Amino acid sequence: MGGRPLDLYIQKDEGSFKLSSFGLNVWDIKTTNAPLEVDRTRIKGKNGYLFKGATATEKIIRVEASYYARNVQEDEDKHDTLNALFAGDQPFYVTKMFPPDGLYQYERPGQFTTQSLVAHEMQKYRNEVLLMGDIEYDFRGKSHRGLLTHCVFTFVTPRYPFGMTMPCDEELTGASFISYCGTAPCSQLEWPWFIEIQSTESQGSQFVFTLGQQAFKYHGTRNIVKGDKFILGGMYFTLNGLNINDQTNTPYFELPATQTGQVSYSCDLLSQVFIRNKVEFYR
């Protein structure tokens, strides 16, 4: 077990904290890729399969840590604390933390340096998780510092098989592209981001909004006036809070992963344009 000065940032409804704040040294955090579930069908007389698509399933995050306890009672109390923190039925977020530069010298856990004194940076994305099974405990021995225990936490993603950035809003007015640096596409069917368009002039009764290769078309029953607000939510479209699905071609949008980190967009309505609740997905 070498010196890897990591930490784990946990975000739950009741608050946020670091794993090191409970006296644990984090030595390794491993994250798997989300395996694909392939939908395919054999057709008699045809070689191979008819491919119908593939979807990512789940990611597994394995965290290895260690701690010292002064005696058996303190060790049991630590088990209770960690079970209370992680063994619930509500998803929460975890984010890998690492030092900005350098690693520890090779050492046994807690021999020289404590992670709580090291400034950490958070990874750019987090994962929504649940604890998978039990926390694994492995007693490693006793020294002048107390009872040393190695523990392993295994987390699984219950909904989104990707890491995701914190949600944010961005104004797109005057730009020709949307910034998207994720390595997996983010569809409005998977995450509730939406486009907000606010008319700045009185104008005609129709317009087109294009994102990448997808086009939203609105054909209204009246002229658009200054201050009208359109929401493009993928499965719902509203004008000033009223549903207008029957006046649109009702497409849902997807932010694709690109090599440039940019997705082109255009809107032929004189307006201010915003993307709301945007996240980036990472494989």
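Quick notes on this one:
- Theoretical ellipticity at 222 nm over the chain - DSSP helices of four or more residues, -39500 (n - 2.57) apiece, nearest 500: -1500 deg cm²/dmol
- Length-normalised contact order for segment 188-283 - Cα pairs under 8 Å, 6+ apart - percent: 39 percent
- With 5 Å bins beginning at zero, the pair-distance distribution over Cα atoms of segment 7-156 amounts to 2, 8, 15, 19, 16, 13, 8, 5, 4, 4, 3, 2, 1, 0, 0 %.
- Highest mobility in the GNM of the chain, judged by mean-square fluctuation with C-alpha springs under 10 Å and restricted to GLY163, GLY146, GLY234, is found for GLY146.
- Residue exposure sequence - GLU128, GLU76 - by fewest surrounding Cβ within 10 Å: GLU76, GLU128
- Note on LYS96: aspartates and glutamates with a C-alpha under 14 Å away, same-chain residues under 8 apart excluded, are ASP7, ASP28, GLU64, GLU121, GLU128.
- The label-point distance for LYS226 and ASN249, in a model that sets each label 7 Å from Cα toward Cβ, rounds to 3.1 nm.
- Once the Cβ-Cβ distance of ASP28 and SER143 is raised to the sixth power relative to R0 = 22 Å, the FRET efficiency obtained is 0.50.
- Structure-derived Cα Rg over 2.2 N^0.38 Å - corresponding label in (i) 1.03; (ii) 1.32; (iii) 1.56: (ii)
- Alpha-carbon centroids, segment 1-78 and segment 211-255: separation in whole Å: 39 Å
- Most to least packed among 40-46, 14-20 [average Cβ atoms within 10 Å]: 14-20, 40-46
- Average projection area in nm² (convex hull over Cα atoms of segment 165-282, one quarter of hull surface): 6.6 nm²
Each value in this text was obtained by applying a stated rule to the coordinates, not by laboratory testing. Predicted, not measured: the structure shown is a model, and the values here were computed from it. Positions of Cβ are backbone-derived with ideal geometry, glycine not excepted, and every protein chain shown enters the neighbour counts.
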